[in-house]
Amino acid sequence: MKPHVICLMASSVDGRTLPSRWRPKGAARDLFERVHDELAGDAWLVGRVTGQEFAKGKPYPASTRETFPREAWFSRRDANAYGVVLDAHGKIAWGRPDIGGDPIVVVLSETVSDAHLAGLRGEGVSYIFAGKSELDLALTLDILNRELGVKRLLLEGGGGVNGAFLRAGLIDELNLILCPAVDGAKGAPSVFDSSDAEADQPAPVTALTLEGSKALDDGAMLLRYRIQNSGSQSTRG
């Protein structure tokens, strides 16, 4: 069963997501964390680049004498929320078992080495497998629901990951914090993005329905849209 997926992002009025480039500086600071807490997801999910920002570890040893089955391994199953990170090829050495108290769950492909799995286990970092060499996002959601009971997941970027979920028709809701700032420069990351190879792949979105809007501090707005995808019934959460 697929969790209800809520994409939560903060952007400038021109849809850019890198606050260090915004002007004026410091616009709508700390609002993202506040809305994140209010949405109360069972898990939140980010891509490898965003996940790397939380890592504190040194590279894991290059080899091990141990071998591990390519099946899910959990250090904890009793958390109120989990921090899920897509890391298909096992590039992140964590140096920590949780982010802000939320246990880390890494989503891997089966190509990841035994040495990397040993490193994750040694640090108490849970992991699941969701594909042979590339990640299957629908399978990722199914495993999180089946193994950890995740019914409500917050998708929090970056733009490439958000775009992949959007093109796969897996996002049910968009919560966009629109901040009173502009980027105004070419090439800045955006709420939904793609690689050049994916640029001609349209998302199967058939409707975005405004479910609510709310004025936040410092001139920011929270816009909540329900997303309808072709061939599916969008769930409410």
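Residues in the range 14-50 that are under 20 Å from the mean Cα position of the chain (by Cα) and among the hydrophobic types (A, V, I, L, M, F, W, C): Leu18, Leu31, Phe32, Val35, Leu39, Ala40, Ala43, Trp44, Leu45, Val46, Val49. Of the listed requirements (1) under 19 Å from Val105 (Cβ atoms); (2) at pLDDT 95 or above, Leu176 misses just one: (1).
Pull up the range 174-194, narrow it to residues that are of a type in the set (Gly, Ala, Ser) and within 17 Å of the chain's Cα centre (by Cα), then point me to the one that is surrounded by the most Cβ atoms within 10 Å (Cβ to Cβ).
Looking only at the range 174-194, we keep the residues that are of a type in the set (Gly, Ala, Ser), and these are 181, 184-185, 187-188, 190, 194.
This time we only want the ones that are within 17 Å of the chain's Cα centre (by Cα), so: 190, 194.
Values: Ser190: 22, Ser194: 18.
The residue in question is Ser190.
Would it be correct to say that Ser12 is over 20 Å from Phe129 (Cα atoms), among the hydroxyl-bearing types (Ser, Thr, Tyr), in the same structural domain as Ala181 (by TED's automatic domain parsing) and touching a Phe, Trp or Tyr at 6+ places or on another chain (Cβ under 8 Å)?
So Ser12 fits the description; yes.
Residues that are among the β-branched types (Val, Ile, Thr) and within 24 Å of Gly26 (Cα to Cα) number at least 1 in the following strands (runs of 3 or more DSSP E) confined to the range 135-237: 173-178. Going by the conditions given, is Arg48 charged (D, E, K, R), surrounded by 19 or more Cβ atoms within 10 Å (Cβ to Cβ) and closer than 30 Å to Gly122 by Cα? Criteria met by Arg48.
Any residue that is in contact with a helix residue (DSSP H, G or I) (Cβ under 6 Å, 6 or more places away or on another chain), over 16 Å from Arg224 (Cα atoms), crowded, with 22+ Cβ neighbours inside 10 Å and not aromatic (Phe, Trp, Tyr) - is there at least one of those in the range 146-156? There is at least one residue in the range 146-156 that is in contact with a helix residue (DSSP H, G or I) (Cβ under 6 Å, 6 or more places away or on another chain), over 16 Å from Arg224 (Cα atoms), crowded, with 22+ Cβ neighbours inside 10 Å and not aromatic (Phe, Trp, Tyr).
The values are calculated or read from the model by the stated rules, or taken from the named source; none is laboratory data. In this text, all values refer to a predicted model and were calculated from it rather than measured experimentally. Quick reminder, even Gly has a Cβ in these numbers, built from the backbone with ideal geometry, and neighbours come from all protein chains shown.
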